[in-house]
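Here is the structure we will look at.
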Amino acid sequence: MNFEGKVVLVTGASRGIGRAIALEFAMRGARIAINYHSNQVAAEETRGALPGTGHLLVQADIADPQAVQAMVQRTVDQMGGLQILINNAAIYQEHKIAEVDYATWQHSWRQTLNANLIGVANTCYCAAQHMIKFGGGRIVNVSSRGAFRGEPDAPAYGASKAGLNALSQSLAKALAPHNIFVGVVAPGWVETEMATDALNGPNGDFIRNESPLRRVAKPEEIAYLVAFLASEGAEFATGAILDINGASYLRT
C-alpha cells in the first residue's frame, strides 16, 4: 500500500488507535492532518513520531458542526487538498439504565450521539464536498463490535456505532458515482491507554479469553486494516464492515 503524496485527515489522532492510524499512513508516504480535541501535548507527540514532513495539527471538537467545517477547510487550505478521511474520534460513557437518573440518561445520549454519529456525519459531509470537486477520495469509519453484540452499560455507544454502520453504507451508495469509497472497521477490545484499567483489572483475563487468540488487538492491527480499506485496489469493498475482534464475536 502506497499513499505517497496523499493527504489524510485522522480524527482523534492524539493517542491510541488514531495515533497508530496516523503512523501507518505516514510510514506509507502520506501527509497527516492530526485532529485532536483538547490534548495538544499528545497531538504534538504524535506529530513528532511521524516519519516524513508536512504534517498538520487541527484542533476541533467533532461534536461542534462549525468546528468540523473549519477543520476540514483548514486541512484543504494548508495541505493543498484532502484525499482520505479517517473518522476515529469517539466517546464512551457508561449510563446503566437501572442505575442512572433521567437527566444523566438524556445527557449521555446527547453527548454520545453528537460526537459518535452526528459529528461523523458532519465530517463526512464536509470532506465529501471537497472530494466530489476533485475527483474522488476514501472515507474509513471506525465502528465497534458493540454495534452488533450490544453495550448494556453504555447503550448510547452501541447505538451510535450501529448508526455509524448504517450511515457508512448509505454513503457508500450515495458517493460511489463520485468515485468516493467508504469502508468501516469494527474492532473489539484494543490495547490502548483507555483500555489499560480494564485489561489490568479483575476482568482482564476474561476480556482476553473472549478471543481464541487469548489476547486483544494491537492498535497497529486496526491501523493496517484501515489503510487497506483506503488503498487503491480496495474499491470494490466499498460499503463493507470488516470485523477485527480476534473471533471474540462472530456475527452471521
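The numbers here are math on the coordinates, done by the rules we state, and not lab data. Every value quoted in this text rests on a predicted model; they were computed, and no experiment measured them. Here Cβ is always computed from backbone atoms with ideal geometry, including for glycine, and neighbour counts include all displayed protein chains.
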Okay, helix-only estimate at 222 nm for the chain: each DSSP H run of n ≥ 4 adds -39500 (n - 2.57), divide by all residues, round to 500 deg cm²/dmol; what do you get? -13500 deg cm²/dmol
Cleavage-rule hits, trypsin sites (Lys or Arg not before Pro), segment 39-134, DSSP coil, Cβ neighbours within 10 Å at most 10: none
Based on the alpha carbons, how large is the Rg to Rh ratio for segment 52-193 when Rh follows Kirkwood? 1.01
Mind listing the long-range amide H neighbours of residue 183? Cut-off is under 5 Å, sequence gap 5 or more, other chains count too, H placed in the peptide plane at 1.01 Å from N. 139, 140, 141, 239
Give me the lysines in straight-line cross-link reach of residue 133: C-alpha distance below 27 Å, same-chain residues under 8 apart excluded. 6, 173
Grab every C-alpha pair in the chain, bin the distances at 10 angstrom width from 0 up to the longest one, and report whole percents. 8, 32, 38, 19, 4, 0
Given the C-alpha centroids of segment 149-207 and segment 1-63, what is the distance between them in whole angstrom? 20 Å
Using amide H atoms built in the peptide plane, which far-off residues or other-chain residues are under 5 Å from residue 145 H to H? 188
Calculate the FRET efficiency for residue 56 and residue 178 from the Cβ-Cβ distance with a Förster distance of 22 Å, rounded to the nearest 0.05. 0.30
Mean separation of Cα contacts under 8 Å (6+ apart) over length of segment 7-244, as relative contact order %: 19 percent
Check each of the chymotrypsin sites (Phe, Trp or Tyr not before Pro) in segment 213-251 and keep only those in coil by DSSP with at most 15 other C-beta atoms within 10 angstrom; list them in order. 249
So for the pair residue 45, residue 251, with labels modelled 7 Å out along Cα→Cβ, what separation do we get in nm? 3.3 nm
Loop GluC sites (Glu not before Pro), segment 159-252 (other Cβ atoms within 10 Å of the site Cβ: 11 or fewer; DSSP): 232
Determine ³J(HN,Hα), in whole Hz, for all residues of segment 45-55 in sequence, where each value follows from phi through the Karplus function 6.51 cos²θ - 1.76 cosθ + 1.60 and θ = phi - 60°; x replaces Gly and Pro. 5, 4, 4, x, 8, 7, x, x, 10, x, 7
Quantify how much of the Cα-Cα distance distribution of segment 45-111 extends past 20 Å, in percent. 50 percent
